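Undergrad: Mind having a look at this structure? Questions to follow.
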Amino acid sequence: MTLARQERTAAPAVAVPLSYQRPVDRALVHRSAVMEVFVTDATRLDEDTFAVAVQGPRSHSYYNDHPWSPEQLDPLFLLEAARQAVTVVAHQWMGVPHGTSFLISEWTTQFTDVTAVRAGRDAPVEFAVDVTARELKRRGSRLLAATFECAFVVGGHRVGTSTVSAGYLSGDGYRAHRVKSRGDVPPMSSSMGDERVGALVDPAAVGRTRAANVVLVDARATPAGAEARLDVPVRHAALYDHPLDHVPAMALLEAARQISVLADDRAPRGLYPYRFEAVFHRFVELDSPVAVRARRDGRHTTVEFHQDGAALCTATLGVAPVASLGAFGPAAPVEDSVSATGAGR
């Protein structure tokens, strides 16, 4: 057993025992592969607060694919940890049945001590995600929507926060919603071809080392930043752990991160996104091209996703060199924030 420290505003911090011995049931985090399950335990503290144990991977083809040294955890892994944590809480304590579709509407994340979130040389990193449920909307006993405020706690210290708001649809309700919004039945990722169409961006230019993890093609520089086309491999083991009928939110955030690094004039090997905020409005479809455009504005990069003439997603990322990220973020003032609107779920 390992003690995770629960920080709360109404009472002193409480030591909470959490186990890191084995992953939870994969259905609780909406994963098909056991190796993609990072939550190992969860406990309820009171009516609306919970503590969730997470173990980070020491070797992973996606989450450990970056040039940072020594073992800095990928920010997209931390986002996935938050997603899994709130999914466990929703299923185990909010009454959300299995088979329900989770539709993320807003997502805000900020890392305040990235130096603390590192994989050990001799052991994997273990940390807690403290979750508080807010703004629950119900119809009878059925949960329609909720907001979950998360805190990443490493070694008893809070190193970042993530707030996730989501709506919940039954399987039948989700399918009806998708057909109504599109006008037809959307194709599944499992039915799509997996060939890359276009000139793949150099992995080193977007902070990756493996071509399989690059999600941008046909990139070019623009006076304001960069633009490219979205190309997420539909057989990607992490981003498409199971078949989907849309481009998932995590893939959109990965694309936003990659084009933000590409548009930055600093060395891509050392750039680390430390703040995220997202508002998702529409789905990004699998069967139509998606343009990704980045515009640099000081320390910010604004990214827009366009499909079939519509702006589906806008994201603004704050990115800083890893070397400048101290105990509380970049050495420079951090008034900058990250915002995103779009269609990932």
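Every number in this text was worked out from the coordinates using simple rules, so none of it is lab data. Predicted model only: the values in this text are computed from it and were never measured. Counting neighbours? That spans all protein chains shown, and the Cβs are built from the backbone with ideal geometry, glycine included.
Undergrad: How large is Rg/Rh for region 40-88, to two decimals, with Cα atoms and a Kirkwood Rh? Let's see the in-between values first.
TA: Numbers: Rg = 13.2 Å, Rh = 12.3 Å.
Ratio value, two decimals: 1.08.
Undergrad: Right, here's the next one. What share of Cα pairs, in percent, lie more than 22 angstrom apart in region 2-174?
TA: Counting every Cα pair in region 2-174, those more than 22 Å apart make up 41 percent.
Undergrad: Around Y62, with a cut-off of 11 angstrom between Cβ atoms, what is the net charge of the other residues, counting Lys and Arg +1 and Asp and Glu -1?
TA: It works out to a net charge of -4.
Undergrad: Just for the Cα atoms in region 80-136, what are the lengths along the principal axes, largest first, rounded to whole Å?
TA: 39, 23, 17
Undergrad: Which value in Å does the Kirkwood hydrodynamic radius of region 104-199 take, with 1/r averaged over all unlike C-alpha pairs and then inverted?
TA: Working: mean 1/r = 0.0581 Å⁻¹.
For region 104-199, the Kirkwood estimate is 17.2 Å.
Undergrad: What residue among A278, A291, A128 shows peak mean-square fluctuation when the chain is described by a Gaussian network model with Cα springs under 10 Å?
TA: Comparing A278, A291, A128 in the GNM, the peak value goes to A291.
Undergrad: For the chain, with a Gaussian network of springs between Cα atoms less than 10 Å apart, report the residue from D231, D48, D265 with the top mean-square fluctuation.
TA: Answer for the Gaussian network model of the chain: D265.
Undergrad: Which listed residue (Q92, H66, T161) has the Cα farthest towards the positive end of the charge dipole for region 2-174, taking +1 on Lys and Arg C-beta and -1 on Asp and Glu C-beta about the Cα centre?
TA: Q92
Undergrad: About its Cα centre, what dipole magnitude does region 195-269 give when the only charges are +1 on Lys and Arg Cβ and -1 on Asp and Glu Cβ, stated in debye to the nearest 20?
TA: Numbers: 9 positive and 10 negative charges, 47 e Å.
My answer is approximately 220 debye.
Undergrad: Further question on the same structure: Add +1 for every Lys or Arg and -1 for every Asp or Glu among the other residues with Cβ under 9 Å from the Cβ of T301, and state the total.
TA: Taking every other residue near T301 into account, the sum is +1.
Undergrad: Please work out the Cα convex hull volume for region 260-330 and give it in Å³ per residue.
TA: 105
Undergrad: Related question: For the chain, what class follows from the C-alpha gyration tensor (a ≥ b ≥ c being the square roots of its eigenvalues): rounded when a/c is under 1.5, otherwise prolate if a/b is larger than b/c, else oblate?
TA: Oblate, since a/c reaches 1.5 and b/c is not below a/b.
Undergrad: While we're here: If I take all pairs of Cα atoms in region 192-320, what percentage of them are more than 20 Å from each other?
TA: Of all Cα-Cα distances in region 192-320, 39 percent exceed 20 Å.
Undergrad: Name the shape class, rounded, prolate or oblate, that the alpha-carbon gyration tensor gives for region 123-254, where a ≥ b ≥ c are the square roots of its eigenvalues, rounded holds for a/c under 1.5, and otherwise prolate holds if a/b is larger than b/c and oblate otherwise.
TA: oblate
Undergrad: Still on this model: At most 11 other Cβ atoms within 10 Å plus a DSSP loop assignment makes a site exposed; report the longest stretch of the chain without any exposed GluC sites (Glu not before Pro). Write out the running numbers ahead of the final one.
TA: Details: sites that count: E47, E195, E335.
The reported range is 48-194.
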